[in-house]
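One structure below.
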Amino acid sequence: MKKNEIKKQKVEIGFYQDIKVTVWKRQYFTISGSSEEDVLEKAKNYIDEDVTCDIEPKSIEELYETEEYILPLENDNCATIELYRQGTKSLIGKNGL
């Protein structure tokens, strides 16, 4: 190294990114009734409502292959990506309004 040459040091800082996504869940459950027709009619109540409001599922499976990123427009213009500096938990920035 020459006399006036300054050695530059490499700076490395850790970050993490929180990203909001949607993912489907598969919930396994049973319904009892007096007949097959009765049970099918009761099951139709859960076309528009989460079954876990009334019934304890036998198991729940996350379908990770269905994961999709959400844009702020799809999230009431709220952030869907947040960037933080690791160790300090300082928010560097986010998308959305």
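Odds and ends about this structure:
- Here is how the number arises for the chain: DSSP H runs of 4 or more residues each give -39500 (n - 2.57), the sum is divided by the residue count, and the result at 222 nm is -2000 deg cm²/dmol.
- Rg(Cα)/(2.2 N^0.38 Å) for the chain, N = residue count: 1.99
- Extreme residue, positive dipole direction of the chain, given options Leu91, Phe29, Val11 (C-beta unit charges): Val11
FYI, it's all coordinate maths here, none of it is from the lab. Note that this is a predicted model, so its numbers are computed, not measured. No Cβ is skipped: glycine too gets one built from the backbone with ideal geometry, and neighbour counts run over all protein chains shown.
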